[in-house]
1. Any idea how many residues of the stretch A:117-140 are assigned to a helix (DSSP H, G or I) and surrounded by 22 or more Cβ atoms within 10 Å (Cβ to Cβ)?
2. Could you check C:Asn171 against (1) out of contact with any Leu (no Cβ under 9 Å at 6 or more places or on another chain); (2) surrounded by fewer than 18 Cβ atoms within 10 Å (Cβ to Cβ) and say which number it fails?
3. Can you pull out every residue in the stretch C:17-39 that is at pLDDT 90 or above and among the aromatic types (Phe, Trp, Tyr)?
4. Within the stretch A:1-25, count every residue that is touching a residue at least 40 places away in the same chain (Cβ under 8 Å) and over 17 Å from A:Leu298 (Cα atoms).
5. Which condition number in (1) facing chain A (nearest Cβ under 9 Å); (2) at pLDDT below 90; (3) in contact with a Leu (Cβ under 9 Å, 6 or more places away or on another chain) is the one that C:Phe89 fails?
6. Inside the stretch C:106-217, counting only helices (runs of 4 or more DSSP H) that do not spill past its ends, which hold 2 or more residues that are within 14 Å of chain A (Cβ to nearest Cβ)?
7. Looking at A:Glu263, A:Glu330 in this structure, which one is closer than 30 Å to B:Asn310 by Cβ, touching a residue at least 12 places away in the same chain (Cβ under 8 Å) and either surrounded by fewer than 19 Cβ atoms within 10 Å (Cβ to Cβ) or within 14 Å of chain C (Cβ to nearest Cβ) (or both)?
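The values are calculated or read from the model by the stated rules, or taken from the named source; none is laboratory data. Since this is a predicted model, take the numbers as computed values, not measurements. When we count neighbours, we look across all protein chains shown, and the Cβ atoms used for this are built from the backbone with ideal geometry, even at glycine.
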Amino acid sequence: MDIKPILSSLRRSPTGAILVALQIALALAITVNSLYIIVQRIEQVGRDPGIDLKNIFYVSFVPSGDRFQGEVTMREDLQLLRGLPGVAAATVVNAVPLSGGGSASSMYTEPNEKGKRSDMNYFQVDEQGLDTFGARLAEGRNFDATTVRKIDRNSSEAPAEILVTKDVAREMFPGESALGKTVYTGLSQPVRIVGIIDHMLGSWPSSDKVGNVALFPVISDESFARYMVRARPGQREEMMKMAEDALSKVDNGRVIIRVRSQEYIAASTYADDRAMATYLIVVIALLLGIAALGIFGLAAFNVSTRTKQIGTRRAVGARRTDIVRYFFLENWMITTVGVVAGCLLALLLGYWLSTTFELPRLKLYYLVFGALGLWCVGLAATLVPARRAAGVSPAVATRTV
Amino acid sequence: MFAYDLRLALLSLRRHPGLSALMVLAVALGIAVCAITFTVYHAMATNPIPHKSRQLYAVTLDTWSAERPYNDKKPDDPPDLLTHRDATALYASGAAPRSVVMYKSGALLLPERQGVKPFIATLRVTTHEFFPMFDVPFTYGGGWEAAADQGPQPVVVLSHETNDKVFGGEDSVGRTIRLGKVEYRVVGVLKPWAPSPKFFDLTNGAFEDPEDAYIPYGWGRALEMPVYGNTNCWKSEAGDSYTDFLNSECIWQEMWAELPTAADRDKYQAYIDNYARSQKAAGRMPRPLNNRLYDVGQWLDRNEVVQRDNRVLIGIALLFLGVCLVNVVGLLLAKFLNAAPLTGLRRALGASRRDVIRQHLTEVLLVGLAGGLLGLLLAIAGLGGIRAIYGSDFNRSSYERLTQIDPVVVVVALVLSLAAGAIAGLYPSWRIGRTAPAVYLKSQ
Amino acid sequence: MFEMHNVTKAYRTDLLETHALREFSLKVEPGEFVAVTGPSGSGKTTFLNVAGLLESFDSGSYRLDGEDVSRLDDDARSRFRNRKIGFIFQSFNLIPDLDVFDNVDVPLRYRRMPAAERRERITSALDLVGLSSRMKHLPSQLSGGQQQRVAIARALAGDPALLLADEPTGNLDSLMARQVLDLLEQINGMGTTIVMVTHDPELARRAHRNVQVIDGQITDFKPYEPQHHVNAVAAVPAFA
């Protein structure tokens, strides 16, 4: 239609068009890659932890005197906690999921460190541990209370039975059920898998093996132990207060240090991911805003300098819609060049990011969305100036000022 | 002449307030994003102990398993911690002019003061060299002597914050404090001290607070204190006592050596290599010889203190600035060419090409400067926001530490904004200066 | 073919109302060459705008080429301008970044004419004004007179019924002005009605009929004489 004259006109004074196209290209490249990083972070943060995130809280304590009697004292406290009205379950645990801190151990399918190996992030809990976590068993059963033992911090004693996640089971026994199978510690101690947890995330969210979790029927050593409590739905805050008060009233040789919710701890660990995502979202918003304003500014300016031309076109017979269409077409052509260049730049940038920083490669459909998005931005920015251009009176052509 | 250029520039900016505001805003946003990103990056990349960073070395030995390296992703790196046996052996040898072994632990602190809740104090269990080696500043008193490590003597050095909390900030030297089961006598109180990054112990976060108190090395063993840092064991070893733990291949102790000259360094390297060979002869250390000494800079690099993320963010910030600048170039070009008749008139009245270019560049630099100042204000607000949201919310001192206003960044930002203005304005100013005056004096 | 009857147009601002045209009536027969003169501020430009359907008017009637164009909407007016009217402006109004060919092409594009036909018309129009050799040139590469001739080609390419010229030689030197005027006469000789607005009495003399606009109203002072060609300077004293 009008493409040829617009093209030749652009070719004669290309600077403005090049600048707009360049802005669009850069904006597209940055936006697409940033969006990709954001989505990855959000996915990371949004992973199902496999536990009852909203209702779990932890009470950290420290033995303060000779009154403290290890397992006896801890069981006393547990009984108290389990007796509280809003508490669904409670146990002693050695570490907190999604906290950045915990313990891991390797086990093998054969003695003497032979066969397949799995590194598992283990949590030492008693028979209420599974319930307190709120994790779901896919196969098998929970621990028997009789198998729960207190093992000294420095001891190399191993539990007789354990629960593992599907991830661990798949690593050690691919293609078959791991239920009932025996695995071996590094010291060739046999350990039986009595239950398989569907899915649970461990202590280190950024680890590849974060889903490799095991539960050991062990009352952990008091230097690392804390009480884990699962409140009934909606009663967490209340129970946190009540638990602290109730435990503080009992003087049995230990001091309550603090009470924190699982949600808080996880959020703190994910704070960096969230901060990164927030930063990028702000940058993208500013970027698109600046680009849109810039395109708008240039388009408006172009219209204001070309009023004489617009008036002349109207005088020789262009209708208002012809003028609007002219500006939209001109803008669309510039935007398209920018989008195409931007896609190339986005791919280059994505490739560089993935190789230098070991981030996964950019998915192509992001480019499609990015391109569509910037087309819209470019067109939207032209809306008002194009309308203004259409409003230029044909009488402008006869003015001599 | 400059004053005149300035006046013309201001007039020109005022003539198109909307356009000028848009340009200043574009520069400001670009500078703000860069300033925020640079601040965090710079805080992460600072040398925490510049005058000594090439004399302090982290000592590492490759005591790991024959089957696989310590870090699959970086198979050439030896482990970052030492076994108890190796640490004490190297320390006792005296092969380095000065060295320190230490690790992180914790104990219940029962304060005497009313209204202060008991809390778990993080402790650094260390030999006495820690304080002189790392130039730790004291408000009151000082560290302890070698004899205290052996005893061990019940002495303690408090951090500034702990002293505030427990003793209200007074000179507490000589007073006692109860940590766990033992009463310690305060021998020193530190000035507020938080090296950033916390290079000597990166295991629990490079920018978190240093420990609440410091006690002599011997206490760790005497009280079988739990290790709050990392403990890593490649070998499954039977055992059930603390002594078994001490004798095991588990790595958990940190060691630093002060090696002022290259000769000291080489001598020490030879020493630890020889030590490793003798251990190998005894059947330990199955992996090939790979004992490394890292100076502070190398140590920070090895541990990737400046995270990958931050490098990506710097790149994105600069690209964003680029977009803002392209924006500004376009607007400048448009504005200058529109004012061409005026410029043509001036040329007709005697302004040279250089006058025209200079005048327009002045205007652009003004935009750059205004944008830079506004950008800095926005950056300060942004950093404050980050601190408010993440610092207080999650008690992460790292966010506090990394978002402090950095004078270097302020200077860089201002220079950058002027440079940006100059770059953006170069082409438009040249363009407008280039055309013959007559062209613009014709009526169409 | 051109009949304005009692046309009134007023411009209103907050402070005052200016009547640019007052009960303005003018009738032009097909093939006439009419010069519209008058002092500045008399309403000449407004007349031109109204005549060219560039602006609407408040009251009265206007018939052009057999059609009542008084109350047309904006789109219809555009269409009419496109097909029936050719404009020639004082400052040429060529589009600076289009070459000569594309400039003449502009009105034809709005007519949705197929490419071959456009090409033919453009070529013959440029032939007529003697600028076929400059088809690829930009306006900045042409002299004032050449630019105006391109503008004339643009006006003619669509085969209009009426040619409206606004001070066509105002920006030209006397030699070029004469060339342009010769051209206009030639075009008029081929049958195109021309209405030219000018304040130059020399120019006015070249037209067949002079009409004067004072205070928005018209005064005829020279009757229609088909073959009358004035080229002597002192023939009729110009109306000041």
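1. Adding up the residues that qualify gives 4.
2. Failing condition for C:Asn171: (2).
3. The answer is C:Phe33, and nothing else.
4. Matching residues across the stretch A:1-25 total 4.
5. (3)
6. Result: C:115-129, C:144-157.
7. A:Glu263
Every residue, every condition in (1) among the aromatic types (Phe, Trp, Tyr); (2) buried (at least 19 other Cβ atoms within 10 Å of the Cβ); (3) in contact with a Phe, Trp or Tyr (Cβ under 7 Å, 6 or more places away or on another chain), yes or no:
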{"residue": "A:Asp273", "(1), (2), (3)": "no, yes, no"}
{"residue": "A:Ile281", "(1), (2), (3)": "no, no, no"}
{"residue": "A:Ala291", "(1), (2), (3)": "no, yes, no"}
{"residue": "A:Ala300", "(1), (2), (3)": "no, yes, no"}
{"residue": "A:Ser304", "(1), (2), (3)": "no, no, no"}
{"residue": "A:Thr307", "(1), (2), (3)": "no, no, no"}
{"residue": "A:Arg314", "(1), (2), (3)": "no, yes, no"}
{"residue": "A:Ala318", "(1), (2), (3)": "no, yes, yes"}
